[in-house]
Amino acid sequence: MSTDRYTSPLSERYASKEMQYIFSQDKKFTTWRKLWIALAETEMELGLSQDGKPVITQEMIDEMKAHVDDINYDVAIQREKEVRHDVMSHVYAYGQQCPKAAGIIHLGATSCYVGDNTDIIIMRDALQLIRTKLVNVIAEISAFAMKYKDLPTLAFTHFQPAQPTTVGKRATLWCNEFMMDLDDLDYVLSTLKLLGSKGTTGTQASFLELFQGDQETIDKIDPMIAEKMGFESCYPVSGQTYSRKVDTRVCNVLAGIAASAHKMSNDIRLLQHLKEVEEPFEKSQIGSSAMAYKRNPMRSERIASLSRYIMVDALNPAITSATQWFERTLDDSANKRLSIAEGFLACDGVLDLCLNVVDGLVVYPKVIEKRLRSELPFMATENIMMDAVKNGGNRQELHEKIRTLSMEAGKTVKVEGKENNLLELIAEDDEFPMTLEELESTMEPSRYIGRAPRQVEKYISEVVQPVLDANKDILGVKAEINV
């Protein structure tokens with residue numbers, strides 16, 4: 001660990017080793033070499049020749065394949081100091097290891113052939129890792145929702161007490177947003193294409209020269225490269241680079257996941273304040289350096305913190321896409337190196353935290369019931385009024401009476417700090433022909449949760465479970481939190 005220079009907290013504290021590898025130098029430069037091999041193989045298979053002799057041989061290809069992973073970084077670094085060009089430095093370094101193939105490496109290509117295609121491949125692999133973790137978050141939330149589908153709890157609108165719901169039903173709201181994110185991710189992933197090999201301005205002019213104007217042969221280059229690299233196709237037209245709008249679409253998916261995670265983490269933080277639900281708190285964990293009794297929701301707070309970063313980070317590729325000039329500028333490069341990698345590393349960290357938090361959520365039914373019962377008399381007034389009407393009362397007069405009594409009970413609670421006495425006030429009023437015992441018998445919380453349990457069952461069984469069944473091979477992921 002370097003202690004005398006800046007290191008990113010995304011790699012030191014938050015992102016998994018798997019995601020860090022995807023954005024590592026090893027992944028980047030081995031992918032460059034695989035792309036050079038794919039290009040050379042394609043050119044050989046399409047019969048590239050000079051004076052009737054093949055320009056590329058299988059021996060050259062085999063030599064290149066033998067050195068995909070043993071990258072001679074020292075040679076590339078030294079060469080870049082001299083020529084100030086990263087791609088040509090690695091072409092040179094690769095050629096030092098492959099003397100027979102040195103002359104045909106990168107033939108007909110521009111720097112964006114390896115740079116942009118590698119970026120697409122890395123984003124694809126990173127999206128697949130994000131997808132795996134997202135599906136597992138959905139699985140954890142759905143299990144939590146089913147476990148607590150029948151547990152009544154006070155619902156809130158405007159963070160003010162409202163008609164009761166259940167703990168499980170509230171969790172389906174979190175789950176549904178992550179399901180929407182999965183739909184978005186799957187669409188972007190399914191439409192991701194390679195750049196292919198388009199040349200310096202996207203016209204493939206170099207291949208027109210190499211293949212002596214044979215248009216039909218040149219039409220085969222991009223599809224063959226795409227297949228070799230595990231893609232269905234390449235973008236049909238481009239300048240020198242793939243459209244930076246692709247980066248925007250990808251980062252918008254990450255921002256959507258971050259928004260969903262942020263919303264859930266906020267709810268958990270508020271519930272922890274109410275002492276109804278609590279995130280995992282380890283035996284030796286310290287909540288505060290000063291207040292030893294505290295159990296701060298630090299993981300949920302970290303979810304919110306990183307999620308805000310991701311949502312703001314999504315502006316970078318959008319602005320970069322909007323400001324590209326004609327067929328190519330280079331003002332995207334430095335920004336792109338930061339924004340794409342950091343967006344993925346942060347999102348990876350957020351999903352690991354979500355997995356950890358949801359898997360270990362602690363629910364306190366007694367606290368939940370106490371708070372719900374303290375507010376339930378207000379919620380039950382509609383039912384009480386209807387019962388009184390059935391016994392001959394006037395609906396409009398009773399409504400006004402209950403409104404007045406509710407205000408009086410509210411004053412008792414908020415001004416005097418006493419218990420809610422609405423039921424006592426109603427029982428003492430001659431216009432309501434019900435005893436206190438009869439009124440209290442109506443205070444069963446499950447009577448006021450509507451169809452919440454049924455909604456949870458239908459949502460999980462009909463919407464979520466088919467997705468989990470289709471992805472059962474990637475379930476069971478557990479997250480390791482570094483700090």
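How many residues, within the range 383-392, are surrounded by 12 or more Cβ atoms within 10 Å (Cβ to Cβ) and over 15 Å from GLU438 (Cβ atoms)?
So the first thing to find is which residues in the range 383-392 are surrounded by 12 or more Cβ atoms within 10 Å (Cβ to Cβ), and the list is 383-389.
Filter once more, so that each one left must be over 15 Å from GLU438 (Cβ atoms): 389.
Of the residues in that region, 1 qualify.
For first residues located in the range 415-430 and of a type in the set (Gly, Ala, Ser), partners that are at pLDDT below 90 and crowded, with 17+ Cβ neighbours inside 10 Å and lie 6+ apart or on another chain with Cβ distances below 7 Å form the pairs ALA427/MET434; ALA427/LEU439. Here GLY47 meets the list (1) of a type outside the set (Val, Ile, Thr); (2) in a helix (DSSP H, G or I); (3) touching a residue at least 60 places away in the same chain (Cβ under 8 Å) almost entirely, failing just condition (2). For the range 193-229, give me each residue that is surrounded by fewer than 19 Cβ atoms within 10 Å (Cβ to Cβ), of a type in the set (Gly, Ala, Ser) and in contact (Cβ under 8 Å) with a residue 24 or more places away in the chain. The one that is surrounded by fewer than 19 Cβ atoms within 10 Å (Cβ to Cβ), of a type in the set (Gly, Ala, Ser) and in contact (Cβ under 8 Å) with a residue 24 or more places away in the chain: SER206.
When SER190 is tested against (1) assigned to a helix (DSSP H, G or I); (2) without any contact (Cβ under 8 Å) to a residue 40 or more places away in the chain; (3) farther than 23 Å from ARG124 by Cβ, just one condition goes unmet, and that condition is (3). Could you please find all residues in the range 114-168 being in contact (Cβ under 8 Å) with a residue 40 or more places away in the chain, closer than 17 Å to LEU361 by Cβ and in a helix (DSSP H, G or I)? Of everything in the range 114-168, those that are in contact (Cβ under 8 Å) with a residue 40 or more places away in the chain, closer than 17 Å to LEU361 by Cβ and in a helix (DSSP H, G or I) turn out to be ASN136, VAL137, ILE138, ALA139, GLU140, ILE141, SER142, PHE144, ALA145, MET146, VAL167, GLY168. For the range 111-131, a residue qualifies if it is out of contact with any Asp or Glu (no Cβ under 9 Å at 6 or more places or on another chain) and either at pLDDT below 95 or more than 30 Å from THR201 (Cα to Cα) (or both), and exactly one does: GLN128.
Here is a yes/no grid of residues against (1) surrounded by 20 or more Cβ atoms within 10 Å (Cβ to Cβ); (2) under 26 Å from GLY239 (Cα atoms):
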{"site": "THR30", "(1), (2)": "no, yes"}
{"site": "MET44", "(1), (2)": "no, yes"}
{"site": "ASP51", "(1), (2)": "no, no"}
{"site": "PRO54", "(1), (2)": "no, no"}
{"site": "GLU59", "(1), (2)": "no, no"}
{"site": "GLU82", "(1), (2)": "no, no"}
{"site": "ASP86", "(1), (2)": "no, yes"}
{"site": "ILE105", "(1), (2)": "yes, yes"}
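Across the range 189-217, the number of residues qualifying as over 26 Å from LYS245 (Cα atoms) and either in the same structural domain as ALA38 (by TED's automatic domain parsing) or not small (Gly, Ala, Ser) (or both) comes to 10. Sort out which residues of the range 110-119 are of a type in the set (A, V, I, L, M, F, W, C) and buried (at least 24 other Cβ atoms within 10 Å of the Cβ), and write them in order of number. Residue satisfying the conditions is VAL114 alone. Among residues that are surrounded by fewer than 21 Cβ atoms within 10 Å (Cβ to Cβ) and either outside the structural domain of ASN266 (by TED's automatic domain parsing) or at pLDDT below 95 (or both), ALA162 is included. Residue-level check: of (1) of a type outside the set (A, V, I, L, M); (2) surrounded by fewer than 20 Cβ atoms within 10 Å (Cβ to Cβ); (3) farther than 30 Å from MET443 by Cβ; (4) in contact with a strand residue (DSSP E or B) (Cβ under 7 Å, 6 or more places away or on another chain), ASP150 misses just (3). Inside the range 93-129, residues that are touching a Phe, Trp or Tyr at 6+ places or on another chain (Cβ under 7 Å) and among the aliphatic types (A, V, I, L, M) make up a count of 5.
Where in the range 50-113 are there helices (runs of 4 or more DSSP H), lying wholly inside it, with at least 3 residues that are out of contact with any strand residue (DSSP E or B) (no Cβ under 6 Å at 6 or more places or on another chain) and of a type in the set (Asp, Glu)? Full working, then the answer.
Numbers: elements: 58-65, 73-83, 86-97.
In the range 50-113, the matching helices (runs of 4 or more DSSP H) lie at 58-65, 73-83.
The values are calculated or read from the model by the stated rules, or taken from the named source; none is laboratory data. Keep in mind the model is a prediction, meaning the values are calculated, not measured. Cβ sites come from the backbone with ideal geometry, for glycine too, and all protein chains shown count toward neighbours.
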